[in-house]
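Undergrad: First the structure, which I've put down as structure tokens, then a few questions once you've had a look.
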Amino acid sequence: MTCLGIDLGSRQAKFAAFDGDRLLWLKDFATIPFYRKFGSIIDGRLRIDFAAMELDETIEPGDATIVVTGYGRNTLALENARVIPEIQAHIAGARWQTGLDSFTLLDLGGQDSKVARLEEGILTDFVMNDKCAASSGRYLENMAAVLEISLEEMSRHTQDPVALDATCGIFGESELIGKIIEGHAVENLCAGVNQTLIKRVMPMLHRFPRDTIVLTGGVAKNYAFREMLQQEAGADIVIPEHPQHNGAIGCALKAVAERS
């Protein structure tokens, strides 16, 4: 019997399907097109047209066990699904993907950031920043747009970072434009942007042990951020195989536990 995990993120809706402890598939959709194409509200509840999504013939809304989390988990109730907090989902996903029982989780999503500590399989502490997108993947997207480069290009540069001091993402864009006008090289500006994100997440990490950091979310694909984080935190950085789908995987595993 299929167990489905859904992470309704601010930038992407992610899906993970399990049969027992076996991962069947992962899928994702850009958030706005996802709601427009596949979602409808009936009596105040979100219904998803699974058939239109062409996920898999084994997914039957009335039969599959569904667990959902993410940015959109509380704004709309998903029919036939249980809602769980994001921290629970991401810890479960990271534990399964890495095989670790003790680690500090750093999840950088589209519009928020989360840090949590797992000790011998027990969640001991966590902190979230969902008030400002300046410490999230959206900040990198906006800065890459200002520089007219791809996120992949942004992620390549660590050397000679240009100092960027604005603490707000909006003001940061203005500051970056000013640095462009001053004539700084694009690669140094990219390094500066990556370094700025490091400076914003380190205060969240300071209260946690930094022996092993499991990095999840889309920012985990940023090579420069990973290298800078390792140097700044002095920790082993572990990247799961599916960092962007980690929350959906955790939800699916919770669904498996319910089914058992």
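The values are calculated or read from the model by the stated rules, or taken from the named source; none is laboratory data. Being a predicted model, the structure only gives us computed values, none of them experimental. A quick note on method: Cβ atoms are made from the backbone with ideal geometry, for glycine too, and the neighbour counts reach across all protein chains shown.
Okay, residues lined up against (1) crowded, with 16+ Cβ neighbours inside 10 Å; (2) closer than 14 Å to Ser113 by Cα; (3) hydroxyl-bearing (Ser, Thr, Tyr); (4) in contact with a Phe, Trp or Tyr (Cβ under 6 Å, 6 or more places away or on another chain):
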{"position": "Leu140", "(1), (2), (3), (4)": "yes, yes, no, no"}
{"position": "Gly172", "(1), (2), (3), (4)": "yes, no, no, no"}
{"position": "Ile181", "(1), (2), (3), (4)": "no, no, no, no"}
{"position": "Glu187", "(1), (2), (3), (4)": "yes, no, no, no"}
{"position": "Ile198", "(1), (2), (3), (4)": "yes, yes, no, no"}
{"position": "Met204", "(1), (2), (3), (4)": "yes, yes, no, no"}
{"position": "Lys221", "(1), (2), (3), (4)": "yes, no, no, no"}
{"position": "Ile239", "(1), (2), (3), (4)": "no, no, no, no"}
{"position": "His242", "(1), (2), (3), (4)": "yes, no, no, no"}
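Undergrad: Follow-up question, since we're still on this one. Looking only at residues that are assigned to a loop (DSSP other than H, G, I, E, B) and surrounded by fewer than 20 Cβ atoms within 10 Å (Cβ to Cβ) in region 206-219, which one is modelled with the lowest pLDDT?
TA: Only one residue tops the list, namely Arg210.
Undergrad: Please verify whether region 189-199 includes one or more residues that are of a type outside the set (Gly, Ala, Ser) and over 20 Å from the mean Cα position of the chain (by Cα). It would help to see each step written out before you state the result.
TA: Just the residues of region 189-199 that are of a type outside the set (Gly, Ala, Ser), to begin with: 189-190, 193-199.
Subset that is over 20 Å from the mean Cα position of the chain (by Cα): 189-190.
Within region 189-199 (the criterion being of a type outside the set (Gly, Ala, Ser) and over 20 Å from the mean Cα position of the chain (by Cα)), the answer is yes, since at least one residue qualifies.
Undergrad: Please specify each residue of region 142-154 satisfying the condition of being under 21 Å from the mean Cα position of the chain (by Cα) and either surrounded by 15 or more Cβ atoms within 10 Å (Cβ to Cβ) or part of a helix (DSSP H, G or I) (or both).
TA: The answer is Asn142, Met143, Ala144, Ala145, Leu151, Glu152, Glu153, Met154.
Undergrad: Could you please find all residues in region 225-237 being touching a residue at least 24 places away in the same chain (Cβ under 8 Å), farther than 17 Å from Ser113 by Cβ and of a type outside the set (Asp, Glu)?
TA: Initially, region 225-237 is screened for residues touching a residue at least 24 places away in the same chain (Cβ under 8 Å), giving 225, 227-229, 232-237.
Keeping just the survivors that are farther than 17 Å from Ser113 by Cβ gives 227, 234, 236.
Passing the criteria: only Gly234.
Undergrad: Is it the case, given these coordinates, that Leu140 is at pLDDT 95 or above, closer than 29 Å to Ile91 by Cα and of a type outside the set (Asp, Glu)?
TA: The answer is no for Leu140.
Undergrad: Scan (1) within 20 Å of Ala89 (Cβ to Cβ); (2) in contact with a Pro (Cβ under 6 Å, 6 or more places away or on another chain) for the single condition Pro240 breaks and write down its number.
TA: (2)
Undergrad: Looking only at helices (runs of 4 or more DSSP H) that fall completely inside region 1-115, which ones have 3 or more residues that are of a type in the set (S, T, N, Q) and modelled with pLDDT of 85 or more?
TA: Those helices (runs of 4 or more DSSP H) span 86-98.
Undergrad: Determine whether His157 is at pLDDT 95 or above, under 30 Å from Ala94 (Cα atoms), outside any helix (DSSP H, G or I) and not β-branched (Val, Ile, Thr).
TA: Against the criterion (at pLDDT 95 or above, under 30 Å from Ala94 (Cα atoms), outside any helix (DSSP H, G or I) and not β-branched (Val, Ile, Thr)), His157 qualifies.
Undergrad: Just the residues that are more than 17 Å from Leu100 (Cβ to Cβ), under 16 Å from the mean Cα position of the chain (by Cα) and not in a helix (DSSP H, G or I), please, taken from region 225-254.
TA: Those that are more than 17 Å from Leu100 (Cβ to Cβ), under 16 Å from the mean Cα position of the chain (by Cα) and not in a helix (DSSP H, G or I): Gln244, His245.
Undergrad: Please indicate, with yes or no, whether at least one residue in region 171-188 is under 21 Å from Gly110 (Cα atoms), at pLDDT below 95 and either touching a Pro at 6+ places or on another chain (Cβ under 7 Å) or assigned to a loop (DSSP other than H, G, I, E, B) (or both).
TA: No, region 171-188 contains no residue that is under 21 Å from Gly110 (Cα atoms), at pLDDT below 95 and either touching a Pro at 6+ places or on another chain (Cβ under 7 Å) or assigned to a loop (DSSP other than H, G, I, E, B) (or both).
Undergrad: Would you be able to tell me the number of residues in region 183-209 that are within 18 Å of Glu227 (Cβ to Cβ) and touching a strand residue (DSSP E or B) at 6+ places or on another chain (Cβ under 7 Å)? Show your work before the answer.
TA: First pass over region 183-209, keeping only residues within 18 Å of Glu227 (Cβ to Cβ): 187-202, 205.
From the residues that got through so far, the ones that are touching a strand residue (DSSP E or B) at 6+ places or on another chain (Cβ under 7 Å) too are 201, 205.
So the answer is 2.
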